[in-house]
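Here's a structure for you.
No lab work stands behind these numbers, since they all come straight from the coordinates. Because the structure is predicted, anything quoted here is derived from the model rather than measured. Here the Cβ is made from the backbone with ideal geometry for all residues, glycine too, and neighbour counts use every protein chain on show.
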């Protein structure tokens with residue numbers, strides 16, 4: 001595996017650990033994990049990091065009206081470009 005391929009594989013298994021992949025990407029990441037103890041360590045470190053973040057980051061309530069402002073901005077953009 002070239003250094004660039006390794007970097008891509010590490011990014012993929014890290015995203016897999018975070019639950020950020022679609023089913024096809026997740027299957028590819030799992031296949032990489034099945035074949036590489038080194039990538040399994042990267043995966044486990046990402047799982048640990050995610051757990052640590054979850055433990056130290058508190059939930060933040062979005063400001064009132066944020067959803068409505070976002071939806072209105074999307075509507076305006078669709079009107080302007082559509």
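How tilted is helix 66-81 with respect to the longest principal axis of the chain? Cα atoms for both, answer in degrees (0 to 90, nearest 10).
Approximately 80 degrees, to the nearest 10.
Shifting gears a bit: Please give the calculated 222 nm ellipticity per residue for the chain, where each DSSP H segment of at least 4 residues contributes -39500 (n - 2.57) and the sum is spread over every residue; nearest 500 deg cm²/dmol?
Details: 4 runs with 64 residues, N = 82.
About -26000 deg cm²/dmol.
Roughly what angle does helix 3-17 make with the longest principal axis of the chain, taking Cα atoms, 0 to 90 degrees, to the nearest 10?
60 degrees
For segment 3-81, what relative contact order do you get, as a whole percent, if you take Cα pairs closer than 8 Å and at least 6 residues apart?
Values: 34 pairs, mean separation 21.6, N = 79.
Computed over segment 3-81, the figure is 27 percent.
How many nm separate the modelled label positions at residue 58 and residue 80, each set 7 Å beyond the Cα in the direction of the Cβ?
3.7 nm
Enter the angle in degrees (range 0 to 90, nearest 10) between the Cα long axis of helix 37-56 and the first principal axis of the Cα atoms of the chain, meaning the one along which they spread out most.
It works out to around 40 degrees.
Please compute the length gained on full extension between residue 27 and residue 49, using 0.36 nm multiplied by the number of residues separating them and subtracting their Cα-Cα distance.
Values: separation 22, 0.36 × 22 = 7.92 nm, distance 2.18 nm.
Computed gain between residue 27 and residue 49 is 5.7 nm.
On full extension of the chain, what length is gained from residue 70 through residue 1, given 0.36 nm per residue of separation minus the C-alpha to C-alpha distance? Could the numbers behind the result be given before it?
Details: separation 69, 0.36 × 69 = 24.84 nm, distance 4.29 nm.
Full extension from residue 70 to residue 1 adds 20.6 nm.
Just one of (1) 81, 10, 7; (2) 35, 20, 10; (3) 20, 12, 12 is semi-axes √(5λ) of the Cα gyration tensor in Å calculated from these coordinates, so which is it?
Identified label for the calculated read-out: (2).
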